[in-house]
Structures are given as C-alpha cells and as structure tokens.
Amino acid sequence: MKDFVKTSSISRKVHIPLIASMLIGLIIVSTTAFNSIKDIKVDIYAKETKSINDYMKSALSEKYAVGSTNSIMLANDSVLIDALIAQDREKALHETQLYMKSFKEGTKFKNIKIHIHDSDVRSFLRAWKPTKHGDDLRGFRNTIVEVKKTKKPLVAIEVGKAGPTVRGVAPMFKDGEYVGSIEFMQGFNSVVKEARNSINASSLVLLNKDMEKIATLFKKSEQSRVAGMLVAQNESTIDARFLSELSSKTLEELKQGTVTTNYFVRTVPLKDFHDKIIGYTVVGKDLAMVNKTIDLSVNSLIVQLITMAVVDLIVLVILILIIGRIVMKPVNDLINVVQDLDSGDGDLTKRLPIKSNDELGEVSHYVNGFIQKIQELIMNIKEISSANVALSESILNGANTLDSLSNKQLETVQKSNALTTEAKSDLDISEELSNKTAQDIDESYEVLTQLEDISRTVTDMVQKDSETEHELAHRISSLAVQTNEIKNILNIIKDIADQTNLLALNAAIEAARAGEHGRGFAVVADEVRKLAEKTQHSIGEIDATVMVVVQNVQEISTEMNENSAQINDLSDKTTEMLGILDTSKQASSQTMEASKESSEKTVLIGLKIKALFDSMQETLRSSQNTKEISVELDRLGKDLETSSKGLSSKVNEFIT
C-alpha cells in the first residue's frame, strides 16, 4: 500500500479507489439484494398470512355484527314475544319465516337459522325444523344459559349439532319480565365460499375431537378428517384437492403454517365465548399465485440492481472524465512548471494558469506567489553577488597597494637600519679615539661632522618614513572602514540566505500538505534550501575571514600609530642629537679640555643610537607584519571573489 501511495500517479490514486469503491458498493448492494431476496419470501409469506388473518377477522366481525343486530331486532319483535308467551308456534313460525326469506333474498347470508328458547332454556321453535321442540338445551348451550343469567345479548361461536356456528343470542322481555331468548344463527359455509371469491382461497373448518359429541350431525364413518379432526362443513364447499394435500399434515404443522404442492396454508383458531379453542379454520391460497408475487418482487429487485449498476458505471465514466479535465490538467501544468524549475535552467518568469477558484487554483496561486518571491530573491542575490565581486576587486586593489607600501617601508627601514648600524660603529670608534688621546680631537671633529651629516640623512629618512607611516595608517583606517562595509554586506546576504532557507522550509511544508500535488514543488524547495545553506556556509567562512582581517587591520593600525609615535620620537631624538653634535663640534674647536665632555657625550649618543637601532628593528618587524597582512588580504579578496562568482553562476541559472 505504501509503495502504491509513493509510486502511483494522482490519476491512479483517484481512479483506482473510485473504481474499487464502486465495485465494493456493487458487492454490498448485491449482497444486500441477495439477502433481500431471501427476505422477500419471508415478507410475502408474512403479508399473505396477514391477509388470511385479516380476512377471517373481517368475516367473523361481519357475522358477529349481523348476528348481534338481528338477534336484538328479533328479540324486540312483539309478534314473536306474544307468540312465545302464548306458546303459539304457528304464529312464531310464520313471522320467523318471513325474516328468513327476506335475508335469503336481500342479503348474501343465505343459510341463516332462527331459534326461539323459552325461559326454562328449552327449545320453543326451530324455524328450519319446526317439528322438533321442547328439548332441554342447558347441557350444551352455554350461550343461552349465559344470556338468561345476565339478561344481556351476546354473540359468539358455539358448537351445536351442526358444528361450529356464529350465534347471536338476545333476551326477550314482556313488560320488563324475561320470557325467553331468541337466537340468530349463521354457519361457516358462507365464510368458506366468500374466501374463494375474496382472496381466491380454499377453506376447511376443523372441529376439535372433544366437540364431536355435540356435533352429532357429522358423526358418519365417511366424514372427512384432517390431522385427526372432523371437517365440519358441507361437502359441497370442500375443495377435494386441498383436502387431499392436507391429509398428511399434522396439527402442529397446520398451526405453524405450511405449504403443500399447490397451496400456501395458514390456520386460524376458532374460539367460543369463553375464549376456548373449539376448532380451526384452515385456509389455503394458490401457491403459484403466492410464488408469482415473490417472483415479481425478486425480478423488480434484480431490475433495480442492474439499473443501479448501469447508473454507477455511467457515473464512474463521467467522474473519470471530469477528474481528467478538471483535476489532472492543472496538476500536469503544475508538474511542467516545477520540472522546468528543477531542470537547472528554471524560467522564473513563468506562472501557472489559474482557471478556477478551487483547491488547485489556490495551490497555483500560492505557487505563483512563491515563484515571484524566488524571482525577487534571485534578482537581489544577483545584485549582491555583483556587489561582492566589485568589493572583492576593491579589496584586492587595496591589498596590492598595501603590499606596495609595505615593501617601500621595509626597504626604507632596512636602509635606516644599515645607516644606524654604521653610525653605531662610527660612534664606537669615536669613543675609542677620544679616550686614547686629545690629539685625535681633529679627527673626532671630522667624525662628528660625518656623524652630523649621517644624522641629518637619518632625520630626513625618519621624517620621510613618518610621512609614509601616516599615509599607510590612513589607508589601513580606510581599509578597516571597507572591511566593515563588507561585513555589513555579508550580514545582508546572510539575512537573505536565512529568509531563503525559511521560505524553502515553508514551501516544503506547503508541498507536504499538498501531498503528491506538491511533490515536484518540494524538489524545487529542497534545491533552493540547499543553495541557501551553501550560501550561508560560504558567508560564514567569508564573515569569519573578514573578522580576522578586520582584527588584523585594527592591530596593524594600532601598531602603525605606535610606530608613527616612535618615529616622531626618533625624529625628535635625531634633532636633539644634531644639536648635541653641533655643541660637540663647537666644544672641540674651542678647547682641548672639552675632550672629556665630548667623550662622555659620544657615549651618550651611542646609547641613543642603540635605542634608535632598537626602534628601527621594531619598525622592521612592523613592516614585515604589514606585508603579511597585505598577503592575507589578497587571499581573502580572492576567496571572496571566487565565492561571489560561484554564487553569481548559480543564480544566473535562473531566468528572471
């Protein structure tokens, strides 16, 4: 992964993750769709189950409503109440048959029954079977017993001889006195038939085994059974194929819901008014229709998945084209400019085109700003480099002048030294002669005359040397000022180099933030930083050398001032010596007795000449130091010239 990040282009870094993300998205969507396909079957089954349950709930609710309202209506029929009190079955039968006829002709409930009970819970009239009456109903007709007890109507499923029946039972009153009850009965055949029409389903009404003793109507050996339970409905309403496919199912399988070869099967429990399960309604929908619904949902999901894949592919192609035009072109422009800068012949007049205000446009803006600063910096460095070359030439000229003056001074000092040595020798001879004999006065006078001439010559040379020393001291002071100017210029160059290094560091940081976008720019920043560091290093060496030169120049200036003072002192001493020689001459010519005094003064002059000789030796050493300084200045000037030309050569590589 690290190698991919380091070596891959921005285009690959964008396109490959983009394609990978698209593929991952498609894989995730496909996996989700695959799982959804599994869930679709569960959802469709759940919806079909809910549809069956809702239908049964609605059908029973409708029967409950019909049973409740009609039983209450019949319980308030005065004809029926009077017939019950009078035990007039004919009259009651006629009235109930009118009701039953109107229901059969005007409603979908074709198989209703009306049953009237007396106050002792005995059958008064079965409208569908009027000949059977008077039987005690208390043993198995709990709804009638409950109504007599509560004096309130109720509607519930209750098993009778004809199996489970929806019964609406209402109390009958005469002048507030309970006289009996009436029952509006509905079978499940209509529910079975309506299921076929409403939800295209087959239905079977199953009766628990403990209820078979009540439903005596179905106690026949050939009566159909499912899971050991009696099918309590008319044979005309039974779907033979549905019954056949359920024959092998257990009650537990039916309760949980199952599928057969052709049916989607769900079971709804039937409960009486005590909430006791007395049987089940088993509903089977056409499995092919259910599976068709599942297939339609699956096909719809697959079409959506294919559509999404095509849309993703189109979006991917559009994104690749947009990235290539909007992102990669500006990046390639940036790379071209940076490569030109990195080639060593960088044209600092070039600028990146800014065609947008996005991040790339902002980067281009800052890169252009940086190139502008580099251009200005290189131009300043060029000017300073040219100034350094001129300054190095000035230092070389000053060093040559100083060398020439030091050579002249050395030559003069050497001559003065020779003359002083000769004068010392002559004084020694003069002292020896004056000590030997007074006869040598004349000869001593001549020697004094010669010594006077030599002293005058020395005085002239010392004065000339003093003037030379003053001039040299002035030039050295000027050189010190120039070296200080060099130091100031070097400080400016050093500041510029520091700023260059800081700008390069900032550029490297910005390049690092830009990632691969700033890679080429980072190379340029690094080259500029190296050039700045090299410049700092060279300036440091030059600065150290100039500091040494400044210190040496200051020391030379101090020594030259001291030499000048010594030479002035020597000049004064020489003048004084001339006076003494003159006095000696006069004394020698006046009297012989002055010989001794002359001898003493000659000794004194010898001592002074010796001191002068020592001073001349010191002057000689100073002159030699001056020459060494001039040589060092010459070397420093050449080093500065070389560094300046090298710096100028580097910065001239950039086009400004």
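The values are calculated or read from the model by the stated rules, or taken from the named source; none is laboratory data. Note that this is a predicted model, so its numbers are computed, not measured. Every residue, glycine among them, receives a Cβ derived from its backbone with ideal geometry; neighbour counts consider all protein chains shown.
Give the residues of the stretch 77-99 that are in a helix (DSSP H, G or I) and under 14 Å from M172 (Cβ atoms), sorted by residue number.
Within the stretch 77-99, S78, V79, L80, I81, D82, A83, L84, I85, A86, A92, E95, T96 meet the criteria.
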(request) Among the residues of the stretch 557-572, write down those that are at pLDDT below 70 and aliphatic (A, V, I, L, M). (result) M560, I567, L570
(request) Would you please list the contacts, defined by Cβ atoms under 6 Å and residues six or more apart or on different chains, that run from a residue in the stretch 573-593 that is at pLDDT 65 or above to a residue that is polar (S, T, N, Q)? (result) T574/S455; T574/T459; M577/S455; L578/S455; S584/S598; A587/S598
(request) Working carefully through the options D118, D136, find the one that is exposed (fewer than 13 other Cβ atoms within 10 Å of the Cβ) and over 19 Å from F218 (Cα atoms). (result) D136
(message) Test of understanding: among I81, I40, I116, I52, which residue is on the phi < 0 side of the Ramachandran plot and modelled with pLDDT under 90?
(response) I40
(message) Looking at the stretch 94-125 only, could you name the residues that are among the hydrophobic types (A, V, I, L, M, F, W, C) and either under 19 Å from R167 (Cα atoms) or touching an Asp or Glu at 6+ places or on another chain (Cβ under 6 Å) (or both)?
(response) M100, F103, F109, I112, I114, I116, V121, F124, L125
(message) Can you say whether V192 is assigned to a helix (DSSP H, G or I), of a type outside the set (D, E) and more than 29 Å from Y55 (Cβ to Cβ), as far as the supplied structure shows?
(response) no
(request) Give the residues of the stretch 42-92 that are closer than 30 Å to R266 by Cα and exposed (fewer than 15 other Cβ atoms within 10 Å of the Cβ), sorted by residue number. (result) V42, D43, A46, K47, K50, N53, D54, K57, S58, S61, A65
(request) Take the residues in the stretch 245-284 that are in contact (Cβ under 8 Å) with a residue 24 or more places away in the chain and among the small types (G, A, S), then tell me which one is farthest from V191 (Cα to Cα). (result) G257
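Is it fair to say A170 is over 26 Å from I52 (Cα atoms), touching a Ser or Thr at 6+ places or on another chain (Cβ under 6 Å) and small (G, A, S)?
yes
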(message) Looking for something touching a Pro at 6+ places or on another chain (Cβ under 7 Å) and over 28 Å from Y263 (Cα atoms) - is there at least one such residue anywhere in the stretch 176-199?
(response) yes
(message) Given the criteria outside any helix (DSSP H, G or I) and at pLDDT below 90, does F109 qualify?
(response) yes
(request) Out of E212, E194, E235, report the one residue that is assigned by TED's automatic domain parsing to the domain that holds K63, closer than 27 Å to F109 by Cα and touching a residue at least 24 places away in the same chain (Cβ under 8 Å). (result) E194
(message) What's the total number of residues in the stretch 210-267 that are among the hydrophobic types (A, V, I, L, M, F, W, C), assigned to a helix (DSSP H, G or I) and farther than 12 Å from V282 by Cα?
(response) 4
(request) Tell me which of these F103 doesn't satisfy, since it passes every other one: (1) closer than 30 Å to S297 by Cα; (2) without any contact (Cβ under 8 Å) to a residue 40 or more places away in the chain; (3) among the aromatic types (F, W, Y); (4) buried (at least 16 other Cβ atoms within 10 Å of the Cβ). (result) (1)
(request) Kindly indicate whether any position in the stretch 169-188 is buried (at least 16 other Cβ atoms within 10 Å of the Cβ) and assigned to a helix (DSSP H, G or I). (result) no
(message) Being touching a residue at least 24 places away in the same chain (Cβ under 8 Å) and either in contact with a helix residue (DSSP H, G or I) (Cβ under 6 Å, 6 or more places away or on another chain) or surrounded by fewer than 19 Cβ atoms within 10 Å (Cβ to Cβ) (or both): is that true of P130 here?
(response) yes
